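To start, the structure itself, in C-alpha cells.
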C-alpha cells in the first residue's frame with residue numbers, strides 16, 4: 001500500500017469532506033499516515049517529510065492550498081497528488097484530475113508523475129534580477145504559484161472571497177457576493193509591464209523566437225494576469241488558448257479598461273477561441289507596434305503574449321497581487337518561470353501538454 005501525507009485547508013470550499021477523503025484514499029489503496037492543516041506546517045516540514053518514507057503528499061483542497069504547498073513539496077522532492085476540495089479547482093481541472101472524491105482517489109492510485117512548470121513571484125522588485133546574494137537568499141525572496149498571478153479586478157474579488165468574516169456570513173453564497181462587490185467597486189488601474197524573454201512570431205507565423213530586448217506595455221487596465229495553468233472560473237472551464245504547463249514560458253494576459261459589458265464580451269470571445277495566434281493582428285493592436293510580433297490574439301482591448309518573465313508595476317498606489325487565488329503581496333512584483341518544477345501525479349500524462 002502506498003503511503004501519503006495529507007495536507008488540508010479548513011477554509012477550502014469542501015473542507016467538511018475531509019473524513020470522506022481519507023476513507024476514499026484508504027479504499028483506493030493509499031494509506032494516509034498523517035493528516036494536518038496547512039496552518040500547522042513550519043519551515044522544517046520538508047525535511048521531516050523526507051524522513052517518513054512517504055510515496056507522495058496529497059493536497060486536499062483548492063488552488064490556494066496547492067500554491068501554499070509548493071515550496072514544501074519541492075523542498076522534499078516528493079510528488080504531489082490532488083483531491084480537489086476547493087471551489088474552483090482550476091489546477092486539478094487543467095491536468096484532468098476528476099472532481100469527485102472517490103474518482104480522484106482511484107485516479108491518484110494509478111497516476112504517473114509528470115513534471116510541470118510553476119511560477120515564481122518576487123514582491124517589491126521592479127526589475128528582472130530577483131534578489132541580491134546567494135542562491136538560498138534568492139529562493140527565500142520568491143513566492144511560488146501553480147495557477148496564476150493576478151492584479152486588478154480579480155484581486156478585488158479575492159479580497160472578499162477569502163475573507164473569513166465574509167465566508168462565515170455568506171457561506172455557499174460567498175463567491176456570488178464577492179463577485180458582486182468586485183463589480184460594484186471596480187476601478188481600473190494604470191499598469192506598466194516590462195517583459196523579459198518575450199516570445200515573438202515570424203511574419204508568416206511559421207516559427208517563434210525569444211528576444212532578449214526588454215519590451216514594455218503601459219495602459220489603463222481592468223486586470224493583468226500571469227498564467228501558468230490554462231483553466232479559469234471553475235465549472236465554467238474558461239480556457240486560455242495555447243497555454244502549456246511544460247513550455248518554460250508564462251502567458252501574460254492584459255485586459256484594458258472598458259465598460260463592464262464590453263469587458264465581459266471581450267473575455268467571452270477570448271476564452272472561446274481555439275487558435276493560438278491569429279493570422280493577422282487587429283488594427284487596434286497596431287497602437288502597440290513593439291508588441292505586434294508577440295501578440296497571440298486579435299481581440300481589441302486584450303493583449304496576450306508569452307515571456308520567461310514580466311515585471312508589473314502600478315502608477316499611483318500599490319495594488320494587491322493574488323497568487324493562486326490568495327492575496328499574497330502588492331505591486332511592484334517580478335514574476336518568472338521558476339527554475340524548479342513540480343512533480344505532479346496526473347491520471348493521464350497525455351493531457352498535460
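Read the figures in this text as sums done on the coordinates, not as results from a lab. Note that this is a predicted model, so its numbers are computed, not measured. Cβ sites come from the backbone with ideal geometry, for glycine too, and all protein chains shown count toward neighbours.
Tell me the angle of helix 260-271 to the major Cα principal axis of the chain, expressed in degrees between 0 and 90 and rounded to the nearest ten. With both axes taken from Cα atoms, the answer is about 70 degrees.
Classify region 200-353 from the C-alpha gyration tensor, please: rounded if a/c falls under 1.5, else prolate or oblate depending on whether a/b exceeds b/c. Cα axes put region 200-353 in the rounded bin. Residue ranges 223-231, 51-59 sort as 223-231, 51-59 when ordered by packing (mean number of other C-beta atoms within 10 Å per residue, highest first). Which shape class, rounded, prolate or oblate, goes with the chain when its Cα gyration tensor gives a ≥ b ≥ c as root eigenvalues, a/c under 1.5 marks rounded, and past that a/b bigger than b/c marks prolate? In terms of gyration-tensor shape, prolate. The GNM of the chain, with springs linking C-alpha atoms under 10 angstrom apart, assigns the highest mean-square fluctuation among 322, 314, 209 to 209. When 318, 219 are arranged by Cβ crowding within 10 Å, least crowded first, meaning fewest neighbours, the order is 318, 219. For region 159-278, rounded, prolate or oblate, judged on the Cα gyration tensor with a ≥ b ≥ c (square roots of eigenvalues), a/c < 1.5 rounded, else prolate if a/b > b/c? Because a/c hits 1.5 or more and a/b exceeds b/c, region 159-278 counts as prolate.
Between helix 174-184 and the chain there is an angle of about 20 degrees, using the helix long axis and the longest principal axis of the Cα atoms. Sorting the segments 170-178, 20-28 by their mean number of nearby beta carbons within 10 angstrom, highest to lowest, gives 20-28, 170-178. The stretch between residue 269 and residue 202, if pulled fully straight at 0.36 nm per residue, gains 21.6 nm over its current Cα-Cα span. Dividing the summed helix terms, -39500 (n - 2.57) for each DSSP H run of n ≥ 4, by the number of residues in the chain produces a 222 nm estimate of -7000 deg cm²/dmol to the nearest 500. Modelled spin labels at residue 213 and residue 112, positioned 7 Å past Cα toward Cβ, are 4.2 nm from each other. Residues of region 240-272 falling in the label zone of residue 183, defined by backbone nitrogen less than 16 Å from a point 7 Å along Cα to beta-carbon, are 258-268. What's the FRET efficiency of residue 51 with residue 27 using the Cβ-Cβ distance as r and R₀ = 35 Å, to the nearest 0.05? Efficiency, rounded to the nearest 0.05: 0.80. If you take the Cα centroid of region 31-63 and the Cα centroid of region 65-127, the two points sit 13 Å apart. In the chain, the longest principal axis of the Cα atoms and the axis of helix 18-27 are about 70 degrees apart.
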